[in-house]
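**Q** Got a structure for you, questions after.
The values are calculated or read from the model by the stated rules, or taken from the named source; none is laboratory data. All values reported here derive from a predicted model rather than from experimental measurement. Cβ sites come from the backbone with ideal geometry, for glycine too, and all protein chains shown count toward neighbours. The protein model used for the area step is the full one, side chains on, heavy atoms only, and it has no ligands, DNA or RNA in it. Shrake-Rupley method; radii C 1.70, N 1.55, O 1.52, S 1.80 Å.
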Amino acid sequence: MIRNKNDENDFFKLLQEQLRMLRHLYKTKIRQFKVVFSLLIVFSSFFFFIILLPYISVHMEKERISEQQSETLSKINQLNNEIDQVNSGISLVRQSNDIFKVLHNQIVHGPEDLRVFAVNLWVSNSSQAVQQDTMHRGFQSCNTVGAGTYEWLDCNVRTKALTQLDGYKHLMYQNITLPVLMVGKELLQDRERIALKEELDYIQQSLIEKLENQKREIKKYPQLFTLTMSGNTEVNVILNQTFLESWNEYEQIIEPHNNRLKDLLSQIQSNLDKKKDIMSGLQSEKNRLQEIENELVNQMRQINIRLTPPLSSPISFFLIEMIPLYPMSVALGFLVSISILRDIYQLRRALYQLYKKRHPDSDVLAKEYIVISVPLSIDPLIPIQNQLAHFFILIIPFLFFSITVIMLLYIWLFIYDPLNALSYMTYFNRIIYGILYLLSIALFSYSFVIIMKEYNLKSPFKFKGKQ
């Protein structure tokens, strides 16, 4: 069968018309992709650099200043405690004849303090009017037994006695050992400081051992409350053995060390009379830290002033409320852009097929027609080294998305600021946004799968080039 010349001309005209229409659609899609992707980049850049980054950076700066402020206040408090200890040590040294006087007086009055506690507990327990308050007058550790019973009373008296003994150890260290060491650090030479510490450590450890022995002695008496309340001679002997005689034994143990300690204390007292400005160095350091604290307070006030006006503006408040939605909008915009790019790849393959039908012997023209006239951002027909910059541009939205999510997670987990609407988002809202961000990651992953699939799909031209 011989093809009619007119039919062949009509066929080529139809191919030419289809080629023209497809080429026009192809160029339109490319322009559409460029517009949509450019708008996505502009929107992402504007929101990220103009709204998100300044807002988050201000709060991160505020958090940094807050941490520095807390650290400075902690140093000031430590320095105040050190100043108090030095003052207490100076007072003790000036009474160097007996720096253990306060501790001795407390231990001497220990039996009477225990007896008063037991009487008050008994009177409170026997009053029906205050029956509900009985548990609050005792120790929490005794609440496992029935309130008001003799077991409960005995438990509280026994716990009180143990608490007294622990209190003596604390008093020794905080009110005697530590203050004297602080003063000695300022007024003694290195060798004498070491000797002072050794003497005080030995006395401290001796007291701890003796008090631990007293704790074990108390456990021998099953009815300590009854013994404490009876007031008979036998009970007094027991309490005297537990408290008073033990102290006398302790004094005998530490007496040789106490004599050597008195020599060191006399030397400290002599140096104290010569050196009047012992507190000047500590006070200067405190003043320096206080100046830093005042500067940090001023910086914090300036930041709060910067943060307050935007929150009062409806537009600014709306933009801030939109920050958690920003990553999802970027993911959706990226998916739309990649969908258009996928259509372009498909149109380009269809365009190539029609062009080869219309010009079957024009491979070079096909390349010029498709690649040079209407190139793609990521084009499989162009060498890979020429596509790196275009590929980087294509992943910019994902970079904005990733950095934003990291910043939001940091704010939600580590920054607590009443002026920060993001850090005080409810737990439920954070869960919802977390799920949406996971979906956004899925959208980005799906988009990248699309573009890699289309990119790796070999076109007829690439097959032709290999033959």
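**Q** If you go through region 182-225 one residue at a time, how many are in a loop (DSSP other than H, G, I, E, B) and over 23 Å from Ser270 (Cβ atoms)? Break it down stepwise before answering.
**A** So the first thing to find is which residues in region 182-225 are in a loop (DSSP other than H, G, I, E, B), and the list is 188-189, 219-223.
From what is left, the residues that are over 23 Å from Ser270 (Cβ atoms) are 219-223.
Selection size over region 182-225: 5.
**Q** A follow-up question, please. Suppose the filter is modelled with pLDDT under 70, part of a helix (DSSP H, G or I) and over 30 Å from Ser88 (Cβ atoms); does Phe318 pass it? Spell out how you get there, then give the answer.
**A** On the way: modelled with pLDDT under 70: yes; part of a helix (DSSP H, G or I): yes; over 30 Å from Ser88 (Cβ atoms): yes.
Yes.
**Q** Give the number of residues within region 84-129 that are among the β-branched types (Val, Ile, Thr), open to solvent by less than 20 Å² (accessible area, probe 1.4 Å) and at pLDDT 80 or above. Walk me through it before giving the result.
**A** Going through region 84-129, the residues among the β-branched types (Val, Ile, Thr) turn out to be 86, 90, 93, 99, 102, 107-108, 116, 119, 123.
Narrowing the set further to residues that are open to solvent by less than 20 Å² (accessible area, probe 1.4 Å) leaves 86, 93, 99, 107.
Right, trim to at pLDDT 80 or above and you get 86, 93, 99.
Count: 3.
**Q** Under 40 Å from the mean Cα position of the chain (by Cα) and surrounded by fewer than 18 Cβ atoms within 10 Å (Cβ to Cβ): which single residue out of Gln174, Gln164 fits that description? Walk me through it before giving the result.
**A** Numbers: Gln164 fails: surrounded by fewer than 18 Cβ atoms within 10 Å (Cβ to Cβ).
Just one listed residue meets the conditions, Gln174.
**Q** Quick one: in region 205-217, of everything that is touching a Lys or Arg at 6+ places or on another chain (Cβ under 8 Å) and crowded, with 18+ Cβ neighbours inside 10 Å, which residue is farthest from Gln174 (Cα to Cα)?
**A** Pass one, region 205-217, residues touching a Lys or Arg at 6+ places or on another chain (Cβ under 8 Å): 207-208, 211.
Narrowing the set further to residues that are crowded, with 18+ Cβ neighbours inside 10 Å leaves 207, 211.
Values: Leu207: 14, Leu211: 16 Å.
Only one residue fits best here, namely Leu211.
**Q** With acidic (Asp, Glu), in contact (Cβ under 8 Å) with a residue 40 or more places away in the chain and under 26 Å from Gln299 (Cα atoms) as the only criterion, which of Glu63, Glu71 stands out? Full working, then the answer.
**A** Details: Glu71 fails: in contact (Cβ under 8 Å) with a residue 40 or more places away in the chain.
So the residue among Glu63, Glu71 that is acidic (Asp, Glu), in contact (Cβ under 8 Å) with a residue 40 or more places away in the chain and under 26 Å from Gln299 (Cα atoms) is Glu63.
**Q** Checking Thr144 against (1) in a helix (DSSP H, G or I); (2) of a type in the set (S, T, N, Q); (3) open to solvent by 40 Å² or more (accessible area, probe 1.4 Å), which test does it fail?
**A** (1)
**Q** Tell me yes or no: at least one residue of region 38-58 is open to solvent by less than 80 Å² (accessible area, probe 1.4 Å) and touching a Gly at 6+ places or on another chain (Cβ under 7 Å). Show your work before the answer.
**A** As a first pass, look at region 38-58 and keep what is open to solvent by less than 80 Å² (accessible area, probe 1.4 Å): 38, 40-41, 44-45, 47-48, 51-58.
So of that shortlist, the ones also touching a Gly at 6+ places or on another chain (Cβ under 7 Å) come out as 40.
Yes: region 38-58 contains one or more residues that are open to solvent by less than 80 Å² (accessible area, probe 1.4 Å) and touching a Gly at 6+ places or on another chain (Cβ under 7 Å).
**Q** Still on this structure, I have one more. Kindly establish whether Gln267 is out of contact with any Ser or Thr (no Cβ under 9 Å at 6 or more places or on another chain), modelled with pLDDT of 85 or more, part of a helix (DSSP H, G or I) and within 30 Å of Gln204 (Cα to Cα). Walk me through it before giving the result.
**A** On the way: out of contact with any Ser or Thr (no Cβ under 9 Å at 6 or more places or on another chain): yes; modelled with pLDDT of 85 or more: yes; part of a helix (DSSP H, G or I): yes; within 30 Å of Gln204 (Cα to Cα): yes.
Criteria met by Gln267.
**Q** If I go through region 130-141 residue by residue, how many of them are modelled with pLDDT under 70 and open to solvent by 20 Å² or more (accessible area, probe 1.4 Å)? Break it down into steps so the answer makes sense when it comes.
**A** Narrowing region 130-141 to residues modelled with pLDDT under 70: 130-137.
Those left that are additionally open to solvent by 20 Å² or more (accessible area, probe 1.4 Å): 130-133, 135-137.
Total meeting the criteria: 7.
**Q** Looking only at region 272-293, decide whether some residue is crowded, with 16+ Cβ neighbours inside 10 Å, among the polar types (S, T, N, Q) and either closer than 30 Å to Gln78 by Cα or modelled with pLDDT under 80 (or both).
**A** no
**Q** When region 152-177 is examined, which residues are found to be aromatic (Phe, Trp, Tyr) and in contact (Cβ under 8 Å) with a residue 60 or more places away in the chain? Can you show your working first?
**A** Pass one, region 152-177, residues aromatic (Phe, Trp, Tyr): 152, 168, 173.
Within region 152-177, Tyr168 is the sole residue that qualifies.
**Q** Could you tell me which numbered condition Leu439 fails, if it satisfies all but one of (1) open to solvent by 80 Å² or more (accessible area, probe 1.4 Å); (2) at pLDDT below 85?
**A** Unmet condition: (2).
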